[in-house]
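Here the structure comes first, spelled out in structure tokens, and everything after it is commentary.
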Amino acid sequence: SLCTGCLSAVVGDTWYSNNSINVNVSHSGEPTDVFVQVTVYRITNMTQEQYDLVSVPVFLLNGGNTITVPVELASGNYKLYVYILKGGDRKTAVIRDIVVE
């Protein structure tokens with residue numbers, strides 16, 4: 001079956017290094033332009049507070065993709081809301097917890 005314009009992307013591991021959040025995305029469709037948006041919440045004293053919101057344009061290839069989202073994070077605990085957007089619509093969304101040392 002053909003699915004023109006379809007997006008089949010799965011967000012995998014997410015980690016922080018070199019002042020960037022790195023996101024593994026596995027895509028099983030045709031190469032396509034999307035945006036990866038990350039809303040970052042800092043977790044302190046059992047509460048979460050929005051820290052930053054960053055969006056980057058990405059050209060997803062079929063197979064594994066590692067997306068780099070530049071953002072400076074201080075040491076601490078964070079909750080990341082990772083969205084893949086196409087044509088202004090949310091196609092994939094996951095929540096990931098990371099610790100920055």
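Of the set (1) open to solvent by 70 Å² or more (accessible area, probe 1.4 Å); (2) at pLDDT 95 or above, all apply to V54 but (1). On the stretch given as segment 11-42, residues that are open to solvent by 50 Å² or more (accessible area, probe 1.4 Å), out of contact with any Asp or Glu (no Cβ under 6 Å at 6 or more places or on another chain) and either on the phi > 0 side of the Ramachandran plot or hydrophobic (A, V, I, L, M, F, W, C) (or both) total 3.
Quick check on segment 74-97. Is at least one of its residues closer than 13 Å to S20 by Cα, touching an Asp or Glu at 6+ places or on another chain (Cβ under 6 Å) and either open to solvent by 80 Å² or more (accessible area, probe 1.4 Å) or not hydroxyl-bearing (S, T, Y) (or both)? No; the residues of segment 74-97 include none that is closer than 13 Å to S20 by Cα, touching an Asp or Glu at 6+ places or on another chain (Cβ under 6 Å) and either open to solvent by 80 Å² or more (accessible area, probe 1.4 Å) or not hydroxyl-bearing (S, T, Y) (or both).
Close Cβ contacts (under 6 Å, 6 or more residues apart or on different chains) running from residues in segment 78-90 that are more than 17 Å from V58 (Cα to Cα) to residues that are open to solvent by 50 Å² or more (accessible area, probe 1.4 Å) and among the basic types (K, R) comprise Y78/R42; L80/R96. The residues of segment 57-68 that are surrounded by 10 or more Cβ atoms within 10 Å (Cβ to Cβ) and either modelled with pLDDT under 95 or on the phi < 0 side of the Ramachandran plot (or both), listed by number, are V58, L60, L61, N62, G64, N65, T66, I67, T68.
The condition of being over 16 Å from S8 (Cβ atoms) and of a type in the set (A, V, I, L, M) holds for only one of V54, V34, V94, that being V54. Scanning segment 19-46 for residues that are at pLDDT 95 or above and closer than 18 Å to S75 by Cβ yields N19, S20, I21, N22, V40, Y41, R42, I43.
The values are calculated or read from the model by the stated rules, or taken from the named source; none is laboratory data. Keep in mind that what you see is a predicted model, and the values were worked out from it rather than measured. In this analysis, Cβ positions are derived from the backbone assuming ideal geometry, glycine residues included, and neighbour counts consider all displayed protein chains. Each accessible area value is taken on the protein alone, full model and side chains, heavy atoms only, with ligands, DNA and RNA left out. Shrake-Rupley method; radii C 1.70, N 1.55, O 1.52, S 1.80 Å.
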